[in-house]
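*Asks:* First, the structure itself, so that you have it in front of you.
The values are calculated or read from the model by the stated rules, or taken from the named source; none is laboratory data. Predicted, not measured: the structure shown is a model, and the values here were computed from it. Every residue, glycine among them, receives a Cβ derived from its backbone with ideal geometry; neighbour counts consider all protein chains shown.
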Amino acid sequence: MANSKAVSTDKPTTQSRAGVSQIEAVIDLDAIAHNTRILVEHAGPARVMAVVKADGYNHGAVEVSRAALAAGAAELGVTTISEALELRSAGIDAPILCWLNTADADYAAAIAADIEIGVSSVKHLQAVADAARAISTTATVTIKVDTGLNRNGASMQEYPLVLAELQRLTAEGTARLRAIFSHLAHADEPHHPVIDKQKQRFEDAIAAARAAGLDPEVTHLANSAATLTRTDLRFDMVRPGIAIYGLSPVPELGNFGLRPAMTLRARVALVKEVAAGEGVSYGHDWVAPHDTVVALLPLGYADGLPRALSGRFEVLLGGARRPGIGRVCMDQVVVDLGPGATDVQEGDEAVFFGNGEAGEPVAQDWADMLHTIHYEIVTAVRGRTARRFTGGGELGVG
């Protein structure tokens, strides 16, 4: 979360003045381990790189990394050098790849910390080489090749120039090639013809590198969806991201046995009666049809509850689903407990989404209502939300 720092298991990262968090994102490290084992099984002989970019998809990169590595992942993937250095600073010594940096990034710091650097152009490669010469250390590089996503990665036109420059740098000892990788555009549609086209282009890129005397130690293409649905795309390593966190990369095909790791919950701040005909929250979009009891929850759009869900979501509270009513505010939202309700007290916990095992909503429910993807739901949790870790004891990461 934007304002949270990861700490040890079962301790929140931020607290209210009373010492008890009003809003929590609870991260189940046992679920992270469970999901990693499923992915390791699907990977077969291939290694697993756990993608922990964006602070572990907002789950806590350091803790997630430790849990995933203990459960069988072999390497870690992030986007930026700063993300990679955070993991090194935490004492994680597994191979780490970072692949999205500007040409003027601090490559010297990455090289000194034994970070594998993804390059997508001659300019980026030359910047890495300059940094390597400055600290008299050979840089470990990976070429990202664009096979059809047309986003990051060396284009088909520039790729031969990247290979030629890397040949020169390898000969002088400035850089060494560890891997070649690419990213899929349609992996969540397992039978889409573009996947096969990208696979062929990737194989051609590997062959071109070998023809140039550059033999990669590792090649990888498969993301979460491909890891779970396309065994022909394993190559030497697979690179799952969202599935590590228990969210299905192809929801229409089921959950693949994955278990969501994040639970978002808040404690009831106030319980009060509302008379029939009275409106609730800004604009009185909701008017009580009868006398009822409502609960105030101190979580709003500043904390990751989208305003667009106003009047459309439910929480699990007091053993039952309770509907959100009125507009979602910056700091709070109201839920209807029903006429004469006495089963909810101030301080009780309301679950906004979790793994679904207790009947609570899941992140996919919000995504469906908002016509978006669950990635956006879990990475949007922020603000005053404290992060708490549970589990992981048997892995030695608690």
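*Asks:* Taking T292, is it surrounded by 15 or more Cβ atoms within 10 Å (Cβ to Cβ), hydroxyl-bearing (S, T, Y) and over 17 Å from I23 (Cα atoms)? Reasoning before the result, please.
*Replies:* Details: surrounded by 15 or more Cβ atoms within 10 Å (Cβ to Cβ): yes; hydroxyl-bearing (S, T, Y): yes; over 17 Å from I23 (Cα atoms): yes.
The answer is yes for T292.
Per-residue answers, yes or no, for (1) under 17 Å from T147 (Cα atoms); (2) of a type in the set (V, I, T); (3) in the same structural domain as G319 (by TED's automatic domain parsing):
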residue	(1), (2), (3)
D215	no, no, no
A222	yes, no, no
T227	no, yes, no
G254	no, no, no
W286	no, no, yes
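*Asks:* Tally time: how many residues in the range 161-188 are touching a residue at least 40 places away in the same chain (Cβ under 8 Å), of a type in the set (D, E, K, R) and either farther than 18 Å from A131 by Cβ or not in a strand (DSSP E or B) (or both)?
*Replies:* Of the residues in the range 161-188, 2 are touching a residue at least 40 places away in the same chain (Cβ under 8 Å), of a type in the set (D, E, K, R) and either farther than 18 Å from A131 by Cβ or not in a strand (DSSP E or B) (or both).
*Asks:* Criterion first (modelled with pLDDT of 95 or more, surrounded by 16 or more Cβ atoms within 10 Å (Cβ to Cβ), over 24 Å from A225 (Cβ atoms) and hydrophobic (A, V, I, L, M, F, W, C)) does I115 satisfy it? Spell out the reasoning first.
*Replies:* On the way: modelled with pLDDT of 95 or more: yes; surrounded by 16 or more Cβ atoms within 10 Å (Cβ to Cβ): yes; over 24 Å from A225 (Cβ atoms): yes; hydrophobic (A, V, I, L, M, F, W, C): yes.
For I115, the condition - modelled with pLDDT of 95 or more, surrounded by 16 or more Cβ atoms within 10 Å (Cβ to Cβ), over 24 Å from A225 (Cβ atoms) and hydrophobic (A, V, I, L, M, F, W, C) - is met.
*Asks:* Would you check which residues across the range 254-287 are touching a residue at least 40 places away in the same chain (Cβ under 8 Å) and among the hydrophobic types (A, V, I, L, M, F, W, C) and list them?
*Replies:* Filtering the range 254-287 down to residues touching a residue at least 40 places away in the same chain (Cβ under 8 Å) leaves 256-271, 279-286.
Matches in the range 254-287: F256, L258, A261, M262, L264, A266, V268, A269, L270, V271, V280, W286.
*Asks:* Looking for whichever is buried (at least 24 other Cβ atoms within 10 Å of the Cβ), in a loop (DSSP other than H, G, I, E, B) and out of contact with any strand residue (DSSP E or B) (no Cβ under 8 Å at 6 or more places or on another chain) here; the options are T137, T102, T147. Which one fits? Break it down stepwise before answering.
*Replies:* Values: T137 fails: buried (at least 24 other Cβ atoms within 10 Å of the Cβ); T102 fails: buried (at least 24 other Cβ atoms within 10 Å of the Cβ).
The unique qualifying residue is T147.
*Asks:* Answer yes or no as to whether T174 is assigned by TED's automatic domain parsing to the domain that holds A222, surrounded by 23 or more Cβ atoms within 10 Å (Cβ to Cβ) and of a type outside the set (A, V, I, L, M). Give the steps one after another, and end with the answer.
*Replies:* Numbers: assigned by TED's automatic domain parsing to the domain that holds A222: yes; surrounded by 23 or more Cβ atoms within 10 Å (Cβ to Cβ): no; of a type outside the set (A, V, I, L, M): yes.
When the stated conditions are applied, T174 does not pass them.
*Asks:* Follow-up. State the number of residues belonging to the range 157-169 that are among the aliphatic types (A, V, I, L, M) and either at pLDDT below 95 or in contact with a Leu (Cβ under 8 Å, 6 or more places away or on another chain) (or both). Give the derivation first.
*Replies:* Kept after step one, since they are among the aliphatic types (A, V, I, L, M), are these residues of the range 157-169: 161-164, 166, 169.
With either at pLDDT below 95 or in contact with a Leu (Cβ under 8 Å, 6 or more places away or on another chain) (or both) added as a condition, the list becomes 162-163, 166, 169.
Summing the residues that are among the aliphatic types (A, V, I, L, M) and either at pLDDT below 95 or in contact with a Leu (Cβ under 8 Å, 6 or more places away or on another chain) (or both) in the range 157-169 gives 4.
Each row is one residue, and each column tells you yes or no for (1) farther than 19 Å from E116 by Cβ; (2) more than 13 Å from the chain's Cα centre (by Cα).
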{"residue": "D28", "(1), (2)": "yes, yes"}
{"residue": "I38", "(1), (2)": "yes, yes"}
{"residue": "G44", "(1), (2)": "yes, yes"}
{"residue": "R47", "(1), (2)": "no, yes"}
{"residue": "D55", "(1), (2)": "yes, no"}
{"residue": "H59", "(1), (2)": "yes, no"}
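*Asks:* Follow-up. Quick one: which strands (runs of 3 or more DSSP E) lie wholly within the range 321-398 and hold at least 2 residues that are among the β-branched types (V, I, T), buried (at least 18 other Cβ atoms within 10 Å of the Cβ) and at pLDDT 95 or above? Outline the logic, then answer.
*Replies:* Numbers: elements: 333-338, 349-353, 386-390.
Per the criteria, 333-338.
*Asks:* Under 9 Å between Cβ atoms, which residue pairs at least 6 apart in sequence (or on different chains) link something in the range 65-87 that is without any contact (Cβ under 8 Å) to a residue 12 or more places away in the chain and outside the structural domain of C98 (by TED's automatic domain parsing) with a partner that is buried (at least 19 other Cβ atoms within 10 Å of the Cβ) and of a type in the set (S, T, N, Q)?
*Replies:* Between residues of the range 65-87 that are without any contact (Cβ under 8 Å) to a residue 12 or more places away in the chain and outside the structural domain of C98 (by TED's automatic domain parsing) and residues that are buried (at least 19 other Cβ atoms within 10 Å of the Cβ) and of a type in the set (S, T, N, Q), there is no close pair.
*Asks:* If the requirement is being among the small types (G, A, S) and either under 23 Å from A73 (Cβ atoms) or surrounded by fewer than 19 Cβ atoms within 10 Å (Cβ to Cβ) (or both), which of these qualifies: A187, A205? Show your work before the answer.
*Replies:* Numbers: A205 fails: either under 23 Å from A73 (Cβ atoms) or surrounded by fewer than 19 Cβ atoms within 10 Å (Cβ to Cβ) (or both).
The unique qualifying residue is A187.
*Asks:* Filter the range 65-122 down to residues that are over 16 Å from V52 (Cα atoms) and among the β-branched types (V, I, T), then give me how many there are.
*Replies:* Residues in the range 65-122 being over 16 Å from V52 (Cα atoms) and among the β-branched types (V, I, T): 4 in total.
*Asks:* In this structure, is L149 at pLDDT 95 or above and either closer than 26 Å to L76 by Cβ or not assigned by TED's automatic domain parsing to the domain that holds A50 (or both)? Spell out the reasoning first.
*Replies:* Working: at pLDDT 95 or above: yes; either closer than 26 Å to L76 by Cβ or not assigned by TED's automatic domain parsing to the domain that holds A50 (or both): yes.
Yes, satisfied.
*Asks:* Looking only at the range 310-324, count every residue that is touching a Gly at 6+ places or on another chain (Cβ under 9 Å) and within 22 Å of R384 (Cα to Cα) and tell me the total.
*Replies:* Step one: filter the range 310-324 for residues touching a Gly at 6+ places or on another chain (Cβ under 9 Å), giving 310-316, 319-324.
After this cut, where a residue has to be within 22 Å of R384 (Cα to Cα) as well, the list is 310, 313-316, 324.
Residues flagged as touching a Gly at 6+ places or on another chain (Cβ under 9 Å) and within 22 Å of R384 (Cα to Cα) within the range 310-324 amount to 6.
*Asks:* Can R66 be described as buried (at least 22 other Cβ atoms within 10 Å of the Cβ) and charged (D, E, K, R)?
*Replies:* Working: buried (at least 22 other Cβ atoms within 10 Å of the Cβ): yes; charged (D, E, K, R): yes.
Spelling it out, R66 is indeed buried (at least 22 other Cβ atoms within 10 Å of the Cβ) and charged (D, E, K, R).
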